[in-house]
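Each remark here refers to the structure printed beneath this line.
The values are calculated or read from the model by the stated rules, or taken from the named source; none is laboratory data. What you see is a predicted model; the values in this text were computed from it and never measured. Cβ placement follows ideal geometry from the backbone for every residue including glycine, while neighbour counts extend to all protein chains displayed. Side chains are part of the model used for accessible areas, which takes the heavy atoms of the whole protein and leaves out ligands, DNA and RNA. Shrake-Rupley method; radii C 1.70, N 1.55, O 1.52, S 1.80 Å.
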Amino acid sequence: MSYILIVEDNPSYSKLLKRSLSRAGTKSIIASNGYDAINQLDKKRPSAIILDFYLSPHNAPEILNEIRSYGDSIDIPVYIYSSHIDDVGLTRQQCENYSIKAIFDKSKVAPAELVDKMASLDTP
Amino acid sequence: MRRVNATSDMAADSFLHAIVHDLKAPLGVIRSYSLELEQALSEGVVEQSDIQAITSASEESIKLVQDLLAVFKLQKSQTELPLAPLSIDRELRIVKDELSGVSKNYQREIKIRGLKRGSTAVMANQWYLRRSLSNLLQNAIKYSHGKKPIVLKSIQTKGFTELQVIDNGPELSNVDLLSLQGSLSGFKTKRSAGSSNLGLYLTGRMVEAMNIEVLYQPQDKGNVFMLRIPNIQQLSLF
């Protein structure tokens, strides 16, 4: 993992995510909503996306639909990071379609722990 | 009869769900930053901003619980809410100052407009007025887009002071507006994006208890929330 796009509207989380990734030697950029995320994708293709679920005005599936409409972004792995994973309600098929590798609960997995888990998932 | 019960149970479930949602977010921040501090302490380098993040998220949780308790009390109580003359200028400045940490965190500026020399006195309950404005402003801070400041405006109309919170957030749907009007139907069983509507609901109940009219107007890119508070008289308090 060399460059991660963080899509998160809560600055308290995005700041910690960026710091934890940096500690692990990974560069990252923060987008606070879907529009920013698409703009960032236009500039540089990330190796993975950390995506909050309930963003405003568009939620994660809406953003992922938009991202997936860009042909070269289809296979970017996505990690959903939400306080409300019980509500996420994505089917296995949807996860496959959106390249969602894992869903993490913010109240149980702190940003530093998330970065560790992502690294372990990334290790073959 | 059974269908009515089922509907009200669903609304109550959605309301509880919104409370859990709005409490889980700051509690998750507290946990994350506490773990960060543990590591920082072992390394001997603690960032002041990390401590502030914990303080701010703790205060957010406590205020939410206080607001909920206050609204539950209001709904149970038959007694009138005590109102007192308040300087509107002073109240606006205090609410803005109280939110300085949140607005800095989200990099959103709050601008106060329309204040005139000599304060206008209105009849309201200080704590409820501050909490109502604070809830509207917090929603504005969290869900606005772009760099435009959030405006807290005071306008004098005949016998009234109209307080406006002007944000740059997405337009409220009719379902969202139900929360402001006090209906639990405004809480969706399955949210799609953005706010849980709890702040709107709490604001609506608080202003209602003060007999303050609340109005909503979507605008080109954003929203205007208006609180119409009866003036006592024009006087200079300072």
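What tally of residues in the range A:77-124 results from selecting those that are modelled with pLDDT of 90 or more, β-branched (Val, Ile, Thr) and out of contact with any strand residue (DSSP E or B) (no Cβ under 6 Å at 6 or more places or on another chain)? So the answer is 2.
Could you tell me whether the range B:144-165 includes any residue that is open to solvent by less than 40 Å² (accessible area, probe 1.4 Å), farther than 17 Å from B:Val207 by Cα and in contact with a Phe, Trp or Tyr (Cβ under 8 Å, 6 or more places away or on another chain)? Within the range B:144-165, not a single residue is open to solvent by less than 40 Å² (accessible area, probe 1.4 Å), farther than 17 Å from B:Val207 by Cα and in contact with a Phe, Trp or Tyr (Cβ under 8 Å, 6 or more places away or on another chain). Would you confirm, using the coordinates I've provided, whether B:Ser49 is assigned to a helix (DSSP H, G or I), more than 20 Å from B:Phe225 (Cβ to Cβ) and within 14 Å of chain A (Cβ to nearest Cβ)? Here the answer is yes, as B:Ser49 does meet what is asked.
Against the condition facing another protein chain (nearest Cβ under 9 Å), modelled with pLDDT under 95 and part of a helix (DSSP H, G or I), how does A:Tyr35 come out, does it pass? In short, yes.
Let's see how each residue does on (1) open to solvent by less than 60 Å² (accessible area, probe 1.4 Å); (2) within 14 Å of chain B (Cβ to nearest Cβ); (3) not hydroxyl-bearing (Ser, Thr, Tyr):
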site	(1), (2), (3)
A:Leu64	yes, yes, yes
A:Tyr70	no, no, no
A:Ile74	no, no, yes
A:Val88	yes, yes, yes
A:Gln93	no, no, yes
A:Glu96	no, no, yes
A:Ile100	yes, no, yes
A:Asp105	yes, yes, yes
A:Val109	yes, yes, yes
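Give B:Ser87, B:Ser61 a once-over and let me know the one that is away from every other protein chain (no Cβ under 12 Å), modelled with pLDDT of 95 or more, closer than 30 Å to B:Gln181 by Cβ and open to solvent by less than 40 Å² (accessible area, probe 1.4 Å). Every option except B:Ser61 fails the conditions. Here B:Ala11 meets each of (1) modelled with pLDDT under 90; (2) in contact with an Asp or Glu (Cβ under 9 Å, 6 or more places away or on another chain); (3) more than 13 Å from chain A (Cβ to nearest Cβ) with one exception, condition (2).
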